[in-house]
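The next block holds one structure in the form of structure tokens; read it before the comments.
The values are calculated or read from the model by the stated rules, or taken from the named source; none is laboratory data. Computed from a predicted structure; not experimentally measured. Methodologically, a virtual Cβ is constructed for each residue, glycine included, from the backbone with ideal geometry; neighbour enumeration extends over all protein chains shown. Remember, those area values only see protein heavy atoms, side chains included, never the ligands or the DNA or RNA. Shrake-Rupley method; radii C 1.70, N 1.55, O 1.52, S 1.80 Å.
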Amino acid sequence: KKELQARENARIGVVMGRIFSLDSPLFTFLSKVADLILLNILTVICCLPIITVGASMTALHYVVLKMVRDEESYIVRSFFKSFKQNFKQATIIWLILLLVGAVLIGDIIILNFSTIRFSNWIRVALFTVIVIVLLATMHVFPVLSRFDNTIKNTFKNSFFMGILTFPKTILMLICWIAPLVIAAFIVQATPIVFMLGISAPAYLCAMLYNKTFK
């Protein structure tokens, strides 16, 4: 009995060693989650000045793509490297998006709450513009994080990627909307959304556009 017990303990020890070894799938997964939590905190803090949102999102996508490709080394160092390198262009792009977004939101408010009756074609035209803007912006910060180009060409390349990989673009949009929906309907999930609500969707999006970028 002692010999059988010893063999069983040895077998359990081997199994547990494999599970908790540095190369085990469990440890790799937990390490990835820890990196994403750290990245989420960095992004939130760097987005707080509002004007730095563009540079923060660009740095976020730079790091998550490296993670998807198993190229990541130092999360913090890589984040701030991209943040500094792309700050000027990312800030200009972000301000452009803010302006466009404000105009579109203003148009939506006018159409829905104005006493003036507008034709249906105006609503269709506005919806079309919103779709075009989404297609042009879903890839804009990922593209900026990886490719050196002018702001005009960054928008253009993002738009073409959005069209050519339309199903993936829709999935990317869903990835970004999902945390908001989860937080709104499942209150218990709020802490998880707070820790991973930005970095996790970005990581999933990087898995989608990784092949496109290659």
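Loop-located chymotrypsin sites (Phe, Trp or Tyr not before Pro) in region 34-106 (DSSP state other than H, G, I, E, B) with a sparse environment of at most 13 neighbouring Cβ atoms within 10 Å: Y74.
So which trypsin sites (Lys or Arg not before Pro) in region 116-188 end up in coil per DSSP with only 10 or fewer other C-beta atoms within 10 Å?
Details: sites: R117, R123, R146, K152, K156, K168; in loops: R117.
Sparse-neighbourhood loop trypsin sites (Lys or Arg not before Pro): R117.
A Cα-only calculation for region 113-203 places Rg and Dmax at 16.8, 47 Å.
For the chain, taking the reciprocal of the average inverse distance between every pair of different Cα atoms yields a Kirkwood hydrodynamic radius of 19.7 Å. Gyration tensor analysis over the Cα atoms of region 52-106 returns equivalent ellipsoid semi-axes of 27, 12, 6 Å (largest first, whole Å). Axis of helix 166-185 versus longest Cα principal axis of the chain: the two differ by about 80°, to the nearest ten degrees. With respect to the chain, whose longest principal axis is taken over its alpha-carbon atoms, helix 53-68 is tilted by about 40°. With a Förster radius of 35 Å applied to the C-beta separation of Q188 and D148, the computed FRET efficiency comes to 0.20.
Starting from the Cα-Cα distance between N112 and F160, subtract it from 0.36 nm times their residue separation and give me the gain in nm to one decimal.
Details: separation 48, 0.36 × 48 = 17.28 nm, distance 3.12 nm.
14.2 nm is the gain from fully extending N112 to F160.
Taking each pair of different alpha-carbon atoms in region 72-161 once, compute 1/r for the pair, average those values, and report the inverse of that mean as the Kirkwood hydrodynamic radius in Å to one decimal. If you can, show how the numbers build up before the last one.
Working: mean 1/r = 0.0661 Å⁻¹.
Mean inverse Cα-Cα distance, inverted, gives 15.1 Å.
Rolling a 1.4 Å probe across the protein heavy atoms gives the chain an accessible surface of 63 Å² per residue.
Near F113, once Lys and Arg are set to +1 and Asp and Glu to -1 for all other residues with Cβ below 14 Å from its Cβ, the sum equals +1.
Between helix 199-213 and the chain there is an angle of about 80 degrees, using the helix long axis and the longest principal axis of the Cα atoms.
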